[in-house]
1. Please identify the pairs in which a residue from the range 236-265 that is surrounded by fewer than 15 Cβ atoms within 10 Å (Cβ to Cβ) has its Cβ atom under 9 Å from the Cβ atom of a residue that is assigned to a loop (DSSP other than H, G, I, E, B) and basic (K, R), counting only partners at least 6 apart or on another chain.
2. Considering only the range 36-81, state which residues are among the hydrophobic types (A, V, I, L, M, F, W, C), out of contact with any Phe, Trp or Tyr (no Cβ under 6 Å at 6 or more places or on another chain) and assigned to a strand (DSSP E or B).
3. Would you check if there is a residue in the range 187-206 being out of contact with any Phe, Trp or Tyr (no Cβ under 8 Å at 6 or more places or on another chain) and aliphatic (A, V, I, L, M)?
4. Please list, ordered by first then second residue, the pairs with beta carbon atoms under 7 Å, 6 or more apart or interchain, first in the range 185-203 and farther than 30 Å from P227 by Cα, second among the charged types (D, E, K, R) and crowded, with 16+ Cβ neighbours inside 10 Å.
5. Please go through the range 3-34 and give me each residue that is open to solvent by less than 60 Å² (accessible area, probe 1.4 Å) and either among the β-branched types (V, I, T) or over 26 Å from the mean Cα position of the chain (by Cα) (or both), ordered by number.
6. Taking the range 266-279, which residues are part of a strand (DSSP E or B) and buried (at least 24 other Cβ atoms within 10 Å of the Cβ)?
7. Taking the range 60-78 only, how many residues are open to solvent by 60 Å² or more (accessible area, probe 1.4 Å) and more than 21 Å from the chain's Cα centre (by Cα)?
8. Count, please, the residues in the range 183-202 that happen to be surrounded by 22 or more Cβ atoms within 10 Å (Cβ to Cβ) and within 20 Å of P425 (Cα to Cα).
Amino acid sequence: MFTRALAERPGHLVAALCDPSPTRMAFHNGLLARAGQPTAAQWEPERFADLLVTEDIDEVVVTTVDAEHDRYIVPALTAGCRVVTEKPMTVDADRCARILDTVRETGNSLTVAFNYRFNPVHEKVRALLADGAIGEVLSVHFEWLLDVRHGADYFRRWHRDKHHSGGLLVHKSSHHFDLVNWWLGDVPQEAFGYGRLGFYGRDAGERHGLRREYERAHGAPEAADDPFALDLAANDALRALYLDAERDDGYLRDRNVFDGPITIEDDMAVLVRYSRGATMTYHLTAYSPWEGYRVMFNGSAGRLELEVEENRWQPPHTRIASARGALHGDTVAEHAGGARLTLRPLWQPPADVPLAVDHEAHGGGDPRMLDALFGPADPTRPTDTGAAAHPTATERDGALALAVGLAANRSFETGRPVRTDELIPPA
């Protein structure tokens, strides 16, 4: 997404790529060539600091394994570069402190790519809440469902190791925690939760009769009719990015979701308290028949309800070859549903709020976020004033979104509520 976006924008030159795999870097150089850009230099991660100087880098975009973000963010900030990082900003309190300390010491800022802020539906929610449509927001319920294709994908790849990803409450739910922080204009203060691995993994797979005996899908006859198997060889992008790159770093992208080791949860229930008193109940299910989310706001003057049906159901494809759910910001869901926003004022009939729904690119958030970050790809087209005036997320926003997931993860371990300021120092 970022490679194409930068290649398309005037005034930007992708000067260098940095990755453990020369094969993956060659794939991205192919994207640049098709956009008419010159070949970018290819660098090993160990020489990243030299890259910044040698290639005269102005901007750095970090899109690597979550636990490695600070490895690139800190030297880039120190070198005076503008830095944009994919969410989550990082995966634990120590790495977060290192990033925040570097921002303070250098005076340089960091932008976290929370594209959900730029989804027009989410902007409509924020506007209604800010205008007092339901009065003071007293509580929020957020239910998020990942289906058995997209959800399963986090259990095939590096995300299944909490050391690398922080678990789904850090890697994915940071989107939602940032949204709620932004919607409420408030700071999360405390979290409590329960989480378990109840559907994926060896034990659950055997208990539910879903497990097949293979380590990874490629070349495994046992995976031939498994609807949870991913066929890397059948998709050009997946083959080029992962299967062909295995010789470089040994990374397997098509692991068996019902095999170990898996150290993340697939079902999480979280309760969050905010500094002004509002509470949020949050539930993440990573094995649902359908994909989407429901958010309900209860206020002193009414209730606001949002339901987004991103994928109504999943057919039982065998040896999944589609890249949907496997490549960031990829194609629209096969069975996309719709979105509904309902305002229920006290003492009045409910009203459906008109919405413009875009099923591609994270609800239309990706292109609007990219415009806000790097300017429009086509300077002659009319400016999207909403996106242009939209505040991008800072390192403090990234830390506050991370704080909810980290506190909930700690609560899973301790069985007690955890204050966010025990993990992330207040501003």
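The values are calculated or read from the model by the stated rules, or taken from the named source; none is laboratory data. A quick note: this is a predicted structure, and the numbers were derived from the prediction, not measured. Here the Cβ is made from the backbone with ideal geometry for all residues, glycine too, and neighbour counts use every protein chain on show. Ligands, DNA and RNA are stripped out before the accessible areas are found, and what is left, the full protein with its side chains, is counted by its heavy atoms. Shrake-Rupley method; radii C 1.70, N 1.55, O 1.52, S 1.80 Å.
1. Qualifying pairs under 9 Å: Y251/R157.
2. The answer is A41, W43, V60.
3. Yes, the range 187-206 contains at least one residue that is out of contact with any Phe, Trp or Tyr (no Cβ under 8 Å at 6 or more places or on another chain) and aliphatic (A, V, I, L, M).
4. Hits for this filter: Q189/R273; E190/R273.
5. Of all residues in the range 3-34, those open to solvent by less than 60 Å² (accessible area, probe 1.4 Å) come to 3, 5-7, 9, 12, 14-19, 21, 23-32.
Hits for the range 3-34 are T3, V14, T23.
6. Within the range 266-279, the subset part of a strand (DSSP E or B) is 267-274, 279.
The answer is M268, V270, V272.
7. Here the count works out to 1.
8. So the count comes out to 2.
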